[in-house]
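Beneath this line is the structure, given in structure tokens, with notes to follow.
The values are calculated or read from the model by the stated rules, or taken from the named source; none is laboratory data. Remember, it's a predicted structure, so these values are computed and weren't measured experimentally. Heads up, the Cβs are rebuilt from the backbone with ideal geometry, glycines too, and the neighbour counts pull from every protein chain shown.
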């Protein structure tokens with residue numbers, strides 16, 4: 001009986017704990033290989049000031065290149081490591097969705113990313 005009570009207590013604690021979910025961590029990918037229809041977050045972009053929240057998609061989308069192989073879209077918010085800021089900072093993800101086979105290199109906020117779509 002004690003084991004049953006202990007198990008129920010642990011289960012309730014796990015179900016009703018106040019632990020917040022973790023936001024996504026964005027890594028910079030300098031090269032990606034995708035199939036048509038697949039998507040990947042290429043990198044996270046932080047705001048100009050280190051302590052600011054992640055930038056709005058409308059602000060960063062104007063500075064993005066066009067792609068012959070796919071489309072760039074909002075990858076949501078999360079965090080990225082910033083050397084300039086000295087650690088983890090809020091960021092907006094840049095998602096690439098592959099539409100056409102081929103290979104190209106995009107420059108996204110001063111980072112070159114080689115994209116191969118099969």
Does segment 29-36 include one or more residues that are modelled with pLDDT under 90 and surrounded by 15 or more Cβ atoms within 10 Å (Cβ to Cβ)?
yes
What's the total number of residues in segment 61-76 that are surrounded by 14 or more Cβ atoms within 10 Å (Cβ to Cβ) and closer than 23 Å to residue 33 by Cβ?
9
Answer yes or no: is there a residue in segment 77-87 that is in a strand (DSSP E or B), free of Cβ contacts under 8 Å to residues at least 24 places away in the same chain and surrounded by fewer than 16 Cβ atoms within 10 Å (Cβ to Cβ).
yes
Note on residue 62: of the conditions (1) touching a helix residue (DSSP H, G or I) at 6+ places or on another chain (Cβ under 6 Å); (2) without any contact (Cβ under 8 Å) to a residue 12 or more places away in the chain, unmet is (1)
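Restricting attention to segment 30-65, which residues are under 14 Å from residue 91 (Cβ atoms), under 16 Å from the mean Cα position of the chain (by Cα) and assigned to a loop (DSSP other than H, G, I, E, B)?
Taking segment 30-65 and keeping what is under 14 Å from residue 91 (Cβ atoms), we get 41-57, 59-60.
Adding the requirement that they be under 16 Å from the mean Cα position of the chain (by Cα) leaves 41-47, 53-57, 60.
Residues satisfying the conditions are 47, 53, 54, 55, 56.
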Please enumerate the residues belonging to segment 90-118 that are out of contact with any strand residue (DSSP E or B) (no Cβ under 7 Å at 6 or more places or on another chain) and part of a strand (DSSP E or B).
107
